[in-house]
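Before I ask anything, here is the structure I am working with.
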């Protein structure tokens, strides 16, 4: 049916889709900055000026950290795609930032999967989705490892009252889910994007150990960069907390925030709520934490997505099978 649509009509709808993604991304960035119910923009701006957060030294260093954060993410994507096809760093940059822009308004950033896949011919798209999943799994694995350790230290150090009955019940649910997941892998009728779960696992297993290690290594480097960036913002705003104590809270925050499903734009709200609660134990006020969360979002999501908008507007579908 789609093939019977006139070429000019196809082009019109294609341009309309690209414009919708870009306009949607710009609107969400605007609403988060100007219409933020948790932190008024005027209050946020006054707080930044009061703490001299916009000094040349601070701006340059924060931008450098964000650039390196995305450099290693782009490098990770280039490395993963090279398992099926050689691409340049420029191509990986375009796909990563374009995917980021498309993901802003989608639950759990699933738009990133579709955006990256359409850069490739149909025969590669399912593999691209799986490789993207593999890259995100590596990042989540690092977040979980550091987060679980951080949470254990946090709970023991601050004597948090934990409802162990609820935790045990939650653990039982996870065990049951894992059991059904394992059972599901044996059933060929369960499919994701046309592939059975067993086939997906076989594909991941078929990737070399070296590739998995490098994937995890790049994810680790990214994690260390953006967690240090958070700590550096604490220092800028005059928070007197040693690095070890701050990292316990930061790793716990990223882990707890990451396990809550969300639309990207609400990710700021979720991280803000979790961070305000956790940093309350180290006597950091709410305004400081909410300002840092918003700045982190601007530096690592909003600003790169603006560059991604350029790539989306200039995107062209691949013409031939490779």
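Can you put 101, 83 in order, fewest other beta carbons within 10 Å first?
The fewest-first ordering by Cβ neighbours comes to 83, 101.
Same structure again: Once you sort the root eigenvalues of the Cα gyration tensor of the range 62-105 as a ≥ b ≥ c, which label holds: rounded (a/c under 1.5), prolate (a/b larger than b/c) or oblate (the other case)? List each step's numbers first, then the result.
Details: a/c = 2.48, a/b = 1.35, b/c = 1.84.
Oblate, since a/c reaches 1.5 and b/c is not below a/b.
Arrange 81, 241, 60 by Cβ neighbour counts within 10 Å, fewest through most, would you?
60, 241, 81
From largest to smallest, what semi-axes in whole angstrom does the range 84-149 give when each is the square root of 5 times an eigenvalue of its alpha carbon gyration tensor? Show your work: numbers first, answer last.
Details: eigenvalues 102, 41, 27 Å².
Ellipsoid semi-axes (Å, largest first): 23, 14, 12.
Here is a further query. Sorting 205, 245, 18 on the 10 Å Cβ count, fewest up front, what's the list?
205, 245, 18
Just so you know, all these numbers are worked out from the coordinates, no wet-lab data involved. For clarity, every value in this text was computed on a predicted model and none was experimentally measured. Methodologically, a virtual Cβ is constructed for each residue, glycine included, from the backbone with ideal geometry; neighbour enumeration extends over all protein chains shown.
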